[in-house]
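Have a look at the structure below, then the notes.
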Amino acid sequence: MKSNRLMNQIGARLGLFTATTAAILWAGCGQQSKPVTGGPSASGGAPASTPGATKAGYTVGFAQVGAESSWRTAETDSIKGEAEQRGVTLKFSDAQGKQENQIKAVRGFIAQGVDAIILAPVVETGWEPVLKEAKQAGIPVVLVDRGLKVADESLYATLIASDFVAEGRMAAEWLVKKTGGKASIIELQGTPGAAPAIDRKKGFEEGLKEHVDMKIIASQSGDFRRSVGKEVAEALLKVHGTKVTAVYAHNDDMALGAIQAIEEAGRKPGVDVIVVSIDGVKGAFEAMVKGTLNCSVECSPLLGPLAFDAVEKALAGVELPKKTIVDDQVYDTTTAKDVIDSRKY
Ligand code: AHR
C-alpha cells in the first residue's frame, strides 16, 4: 500500500519512528486523514536532518509564483535541487504571477494525489476554498516565502519565510543613517496584494516614523520586475526631477531597473541618488561593489532544505510551528566586496 510505504520511508528518514510504528500510525490515519498539523509529536521538535538521503518515494507539488525576479529563480532552483537530492518526485507549476493559475495548479496537484504541496502564494487573500480542498484530501500544505491570510490556520502546516516587516525597517534605518535623516524618496513597491509588498512598505514607514525630514514623495508598484521598476522610476524621475535623493525598492531587480533609469536621467546612482533595496541577489552585490546600489537587505531564497524538512515532518504527523523565520542581514557598499564571492544566489 502506497501510504504504508511512504510512512515507513519518512519515518526511517526522520529517525523519529521505527518503520513499524510509522506504518501502524499511517494505516490508522488512512488517506483521508493524513495529518496536516497536530499529529503525534514523535521527535520533541528535533530537526529533521537528511544529508545523503536516497530515494524518498513521495511526491510533492510545488506551486510557484512565477519567474519575475532573479530571487524567484533562485528559490525555484533551491526547491528543485533539494527535491532531486532527496529523491522526491516534484511536480512544478509556474503561475506566471497570477493567483488563478496557482489555484488551478493546487487543484491539479490534489487531483493527481500528491503527498504534499509547497505553495509560495502570489497574494495574501483568497486561499480558503482551495486550502480546504487540500485539507479534505489529507494533503499538507507547506507555505514558503510568502504568507497568506486565512481565518483557520489549520489549513496550512507551516510557513517558512523571512520577516518582511523587519526587512523594510532595516532598509529605512540604514537609509536614515546614510542620509543624516533627510531624503526625498521614491518607493518602488512589489506586486499589489503580495505579502512582501505589504509588509516591506509597512516596515519602511515604521522605520521612518520618527524622522520628519525623510519623505516618501512617490510610491508605485513595479511588480517586483526589473523592466517595470525601470519604467516606473523613469516616469517618477521625470515628474520629480532632482528633488529625488533616494530610491527604496522592495526588491533588487526593481532597484537595478531604477539604477538604469537614474543613469539615463543623467544622474549618478549611489551618489546623487541613494538606492536601497531588498533580496541580496548576485546582481545587487555586483552593483554594490560598483557603487551604484548602496544597500541591499538580504532575504534568503534558499528555502529548499527547510521546506522539505517541514514536508517530511508534516507527513510524519509532527506538529510544526506556524511560522519559521529565516534570518536576514544588511549589506552595503562597505561590506559587499568581502562576501560577494561566497554568495550562493
Ligand atoms: O516574496 C519574495 C519576493 O518575491 C522577493 O523579494 C522578490 O524578488 C520576489 O519576486
### Task
Can you confirm whether the stretch 199-209 contains a residue that is away from the ligand (no atom under 16 Å from the Cβ), assigned to a loop (DSSP other than H, G, I, E, B) and surrounded by fewer than 24 Cβ atoms within 10 Å (Cβ to Cβ)?
yes
### Query
Has the stretch 225-244 got at least one residue that is more than 12 Å from the ligand (Cβ to nearest atom) and either within 18 Å of residue 167 (Cβ to Cβ) or touching a residue at least 60 places away in the same chain (Cβ under 8 Å) (or both)?
yes
### Query
Would it be correct to say that residue 310 is buried (at least 24 other Cβ atoms within 10 Å of the Cβ), free of Cβ contacts under 8 Å to residues at least 60 places away in the same chain, of a type outside the set (Lys, Arg) and more than 10 Å from the ligand (Cβ to nearest atom)?
no
#### Entry: Only listed residue being among the basic types (Lys, Arg), at pLDDT 95 or above and within 15 Å of the ligand (Cβ to nearest atom), chosen from 268, 282
282
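The values are calculated or read from the model by the stated rules, or taken from the named source; none is laboratory data. These numbers were taken from a predicted model, which means no experiment stands behind them. So basically every Cβ, Gly included, is an ideal-geometry build from the backbone, and we count neighbours across all protein chains shown.
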